[in-house]
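Trainee: Take this structure first; my questions come after.
Read-outs throughout are calculated quantities, based only on the coordinates presented, and are distinct from any laboratory measurement. What you see is a predicted model; the values in this text were computed from it and never measured. Using ideal geometry, Cβ is built from the backbone for each residue, glycine included, and neighbour counts are taken over all protein chains shown.
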Amino acid sequence: MTTLPQTVSTLPPSPPEVKSSDLLRSDFPANFTFGVATSAFQIEGATQEGGRGPSIWDTFCREPGRIRDGSNGDVACDHYHRLDEDLDLIARLNVSAYRFSVAWPRIQPTGTGPANEEGLAFYERLIDGLIERGLEPHLTLYHWDLPQALQDLGGWTHRDTAYRFAEYARIVAERLGPKVKSIATLNEPWCSSILSYQIGEHAPGWNSRPAALAAAHHLLLGHGLAMQEMRALNLGAELGLVLNLDSAYSDAPDDLPGVQLADGTFNRWFLDPVLRGQYPHDIWLHYGTDVPDVQAGDLKIMQTPLDFLGVNYYSRTFVSAAGRKPQGATYTDMGWEVYPQGLTDLLLRLHHSYSGLPPLLITENGAAYPDELGTDGQIHDSARVQYLQQHLSAVQEAMKAGVNVRGYFAWSLMDNFEWAYGYGKRFGLVYVDYQTQARTLKDSAKWYQGFLG
Ligand code: FCB
């Protein structure tokens, strides 16, 4: 029998009222981690420097019509050349931690073979720079920039990619693992499988459900294999996985099966193999003959224990077959509903539904708004300030109810390449002028700085 997830309710509760003055750093435990997050392809640029090989995103950006503003990651925020300046910027925000990703094609330009020393040296300099500034490095191994040479063999639909990923993980962990606080294997495998191989909105832009489900399976297998490789190194770093999760709701009983399906395909398809060692039965049946080829032992590998689970939360899913929208809702520039209560509900649901849940880190949370530099040279992004406050408050609610949340990373340190949207969507706490590469603290950055200071 299948049961509905605990967050399913027919009457969505209204968002909590949060006043900025309500929220204090001292309301969180002293050792709670506050940080900002980025990913390699979105900020680094220098795609043809330092021995880096091409990634699937370099290829995808060159296909007409894939990126809304026709842009690419060649320069991005030019972070590769502005590393020291950006590290100073992070330190100025008063955060204690920084989450970044390593570009696989900088380490292994074709996805296999010996490490490229220049690539490792770049990230070593980044990590040493963080440590010098008193900041904790949180490293993500895979934030979507698969080496193109592996895509040429089938990418994540090819089972061998999982084994290549584990090899890459070992190379990075051997060299950088002793210096970092945490290592996450994958960022958001839903995006690098379903969104990329079925919906076609992300690289490599395929439109096949069986391919997407094979990719999801191999991503989680690669995750488990990488965990095992890294465990064997006995590093001090905490090892985990980052998932994008949400809460699904409806306002009509007829929509409850739709809610269960949305929750199952988005959340449980990824949570259950990793935390329970099985695929959710209802969704397995739903996928019919498109289900992946699961070999003996795969689920056991995927279930390798985690030191932490990273949760990326932006919005909720509202299911209505009749096309109703939630009443009184507000939306960000992505068209994503602002729904902080969904984060509290999600955290409580994880806590109650998964026994042996590892400690949680909110590894991404934030909002895009159409920020502009004012005539006063400032960016008054009060909607983002409110978004951050409300979501931090939502985290706090869950913690009060007993959920073990260890940290929070705002997405993102600075405006950057927002995938298929190009540079049109601004998620940064820091504004980037792409003509000059000047960085300007938005009001949200100043608020975070003051809150943490
Ligand atoms: C997440 C991604 C991150 C960024 C935000 C807005 O899905 O992990 O790179 O694009 O969304």
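Trainee: List the trypsin sites (Lys or Arg not before Pro) within region 256-360 that fall in a DSSP loop (any state other than H, G, I, E or B) and whose Cβ has at most 16 other Cβ atoms within 10 Å.
Mentor: Here the sparse-neighbourhood loop sites are Arg324.
Trainee: Does the chain come out rounded, prolate or oblate by the C-alpha gyration tensor, with a ≥ b ≥ c the root eigenvalues, rounded set by a/c under 1.5 and, if not, prolate when a/b is larger than b/c and oblate if not?
Mentor: Rounded shape, in that the Cα axes give a/c under 1.5.
Trainee: Follow-up question, since we're still on this one. Per 0.36 nm of contour for each residue apart, how much would the distance between Leu153 and Asn404 grow if the chain were fully extended, relative to their Cα-Cα spacing?
Mentor: This chain segment gains 86.3 nm when fully extended.
Trainee: Additional query: Compute the distance in nm between two label points, each set 7 Å from the Cα along the Cα-to-Cβ direction, one at Glu372 and one at Glu132.
Mentor: 4.0
Trainee: Next up: How much length is gained on full extension from Ser26 to Gln435, taking 0.36 nm per residue of separation minus their Cα-Cα distance?
Mentor: Extra length from Ser26 to Gln435 when fully extended: 143.3 nm.
Trainee: Express in whole angstrom the spacing between the alpha-carbon centres of region 248-287 and region 309-349.
Mentor: Value for the Cα centre distance between the two parts: 16 Å.
Trainee: Multiply the residue separation of Val294 and Asp443 by 0.36 nm, subtract the distance between their alpha-carbon atoms, and state the gained length in nm to one decimal.
Mentor: Full extension from Val294 to Asp443 adds 48.7 nm.
Trainee: Could I ask something else about it? How many nm separate the modelled label positions at Asp84 and Asn207, each set 7 Å beyond the Cα in the direction of the Cβ?
Mentor: It works out to 5.0 nm between the two label points.
Trainee: For a test of understanding, tell me how many lysine pairs in the chain have Cα atoms under 21 Å apart, given they are 8 or more places apart or on different chains.
Mentor: Close lysine pairs under the 21 Å cut-off: 5.
Trainee: On to the next question. Distance from the Cα centre of region 172-202 to that of region 78-131, in angstrom?
Mentor: Going from one Cα centre to the other spans 15 Å.
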